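The structure appears below as structure tokens.
The values are calculated or read from the model by the stated rules, or taken from the named source; none is laboratory data. Values in this document were obtained by computation on a predicted structure and should not be read as measured data. Ideal geometry is used to build each Cβ from the backbone, glycine not excepted, and the neighbour counts take in all protein chains shown. These accessible areas exclude ligands, DNA and RNA; they are computed on the full protein's heavy atoms, side chains included. Shrake-Rupley method; radii C 1.70, N 1.55, O 1.52, S 1.80 Å.
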Amino acid sequence: MTLTNWAGNYTYQAPEIHHPRTVEELQEVVARSSRIRALGTRHSFTDIADSHGALVVLDGLEAAPLIDEEARTVTVTGGTRYGTLAQHLHPAGWAVHNLASLPHISVAGAIATATHGSGDRSANLSTAVAALEIVGPDGSLRTVRRGDDDFAGSVVGLGVLGVTTKVTLDIEPTYDVAQEVHLDLPWTTALEHLDEVTGSADSVSLFTDWTGDTIAQVWRKSRVTETYRTRPDFFGTTPADGPRHPLPGIDPVNCTAQLGEPGPWHDRLPHFRMDFTPSNGDELQSEFLVPRAHAVAALEAMRSLGDQIAPLLQITEIRTIAGDDLWLSTAQGGDRVGLHFTWQPRQGEVEALLETIESVLAPFNARPHWGKLFLNRGCRLAHLYPRWDDFGELAARVDPDRVFGNDWVQRHVL
Ligand SMILES: Cc1cc2nc3c(=O)[nH]c(=O)nc-3n(C[C@H](O)[C@H](O)[C@H](O)COP(=O)(O)OP(=O)(O)OC[C@H]3O[C@@H](n4cnc5c(N)ncnc54)[C@H](O)[C@@H]3O)c2cc1C
């Protein structure tokens, strides 16, 4: 049976796929494998999760999330999707700090690649991790907790450090969010007032095709507190008069509620609804995370490529991510702006353009999103991560025979 990723642009080559039903079974499978990788919900756009040996999918291990109210944490099995987690957390009065654009992604897969939402004060999803339970190459279980020496290196682990069976995440009391969409933000205003625009709500996304004088849509998601007010007069934009899809002309029926109508965090923070589950997508994605200090220059540089980008693009989303200290997090060391590209499914042409985009963004120390398409010609990544060598040493210590290695890891990391 051929198994492809969500986008359908990659077919996994691993000759075996296991779906263990218990952790003990998983431990046995790992212990007897010379090469093995965990596969999440297949939302990455490359061979990052593949293996020359076996793949292991944790869908048979799923158990209900376990909330610890005193510790303010929830523990989930690695294969649990954020949408499923939300369905348990919210009725119990709890929430996580942020979500990605889609709720269908697995927790372990998301944190392994530093998946993020948006928000000046909101760090990526990996930063909510308080502890991980991991099966090592000999099948033994180890737990890494916040505060342990290996913790900051283990969270964004790219699947290299073992199979994550359980993740403990920080939680907070549940909250409501209201989402507003504003149309046609002038580029000059956006560049002049970028900090005010991105700081105007808890999560802000700018959608553009890089051409013209305006940014087509600004999606603002605000926690609903006593001081929350809608912003009909937002920097000269027009408030959307009905729900919008980020792509022009597409029916917004699958998008989460807008128009400032308050609702639970998990029904507003993702752009797309949980009950809409696309099994695959006719798109490719790339994203580059640029230090905040370079944000305006990087945006201007991308605008200057607008005529080359637009013909291959479905839409760009510009987001902000608060900095953190996880070694391989794309926001390690300081706040970032994410320049995301949803491409037409024309991989050859997209990759040719990525040559240009990556070289134009290189002076801004842009880090590529681990789960999306990038080239990394010239192996530039090592100098972008101060703890790169420490990660290599950690990987060599926990997996000296590279049981969890693969071609992608060899190309880009170890
Ligand atoms: C439609 C769409 C929307 C997206 N939206 C966003 C977004 O808003 N923000 C963002 O930052 N990214 C986004 N992404 C990217 C996505 O979040 C990442 O690619 C993420 O890694 C996908 O998780 P997954 O479970 O599908 O992992 P996979 O793609 O299956 O695997 C990714 C990596 O995680 C590892 N892994 C998976 N499970 C485990 C485990 N149990 N133990 C150890 N390692 C494991 C794999 O080995 C691999 O290295 C989006 C992708 C798509 C397709």
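The listed residues Lys166, Lys372 rank as Lys166, Lys372 when sorted by accessible area, largest first, using a 1.4 Å probe. Entry comment: accessible area of the chain is 40 Å² per residue, from protein heavy atoms only and a probe of 1.4 Å. Sorted largest first by accessible area at a 1.4 angstrom probe radius, with every protein chain in place, the residues Trp370, Trp94 fall in the order Trp94, Trp370. Two numbers describe the Cα atoms of the range 254-394: Rg and Dmax, which are 16.6, 50 Å. The accessible surface of the range 62-174, taken with every protein chain in place and a 1.4 Å probe, is 49 percent carbon and sulfur.
Relative contact order of the range 1-141: 22 percent, from C-alpha pairs under 8 Å at least 6 residues apart in sequence. Calculated from the alpha-carbon coordinates, the range 1-144 shows an Rg and a Dmax of 15.7, 46 Å respectively.
Working note: 222 nm ellipticity from helices only, DSSP H runs with n ≥ 4, each -39,500 (n - 2.57), summed and divided by the residues of the chain, gives -5500 deg cm²/dmol to the nearest 500. Computed about its Cα centre, the charge dipole of the range 62-174 is approximately 220 debye, with only Lys, Arg, Asp and Glu carrying charge at their Cβ.
What separates the Cα centres of the range 145-223 and the range 1-49 is a distance of 28 Å.
How much net charge surrounds Thr316 when only other residues with a Cβ under 11 Å from its Cβ are counted (Lys, Arg +1; Asp, Glu -1)? Overall, the nearby charge balance is -1. Other residues whose C-beta falls under 14 angstrom from the C-beta of Val181 contribute a net charge of 0, scoring Lys and Arg +1 and Asp and Glu -1.
Simple point charges give the picture: +1 on the Cβ of Lys and Arg, -1 on the Cβ of Asp and Glu, and for the range 265-348 a dipole about the Cα centre of about 120 debye. Count charges around Asp50 for me, please; just the other residues with Cβ under 13 Å from its Cβ, Lys/Arg as +1, Asp/Glu as -1. Net charge around Asp50: +1.
Protection proxy ranking for 37-43, 129-135, 18-24, using the average of other Cβ atoms within 10 Å per residue and placing the highest first: 37-43, 129-135, 18-24. Ordering Val253, Ile321, Ala7 by the projection of their Cα atoms onto the charge dipole of the chain, which places +1 on the Cβ of Lys and Arg and -1 on the Cβ of Asp and Glu, puts Ala7 at the extreme positive end. 3J(HN,Hα) couplings calculated from phi for the range 142-155 with the Karplus curve 6.51 cos²θ - 1.76 cosθ + 1.60 (θ = phi - 60°) are, in sequence order, 10, 10, 10, 10, 3, x, 5, 4, 7, 4, 5, x, 8, 6 Hz; Gly and Pro show x.
Since only Leu89, Val23, Pro65 are under comparison, the one whose Cα sits farthest along the positive direction of the charge dipole of the range 21-91, derived from C-beta charges on Lys, Arg, Asp and Glu, is Val23.
Working ranking of peptides 359-366, 214-221 by packing, defined as the average number of other Cβ atoms within 10 Å per residue, highest first, is 214-221, 359-366.
The packing ranking of peptides 378-391, 48-61, highest mean first, is 48-61, 378-391, where packing means the average number of other beta carbon atoms within 10 angstrom of each residue.
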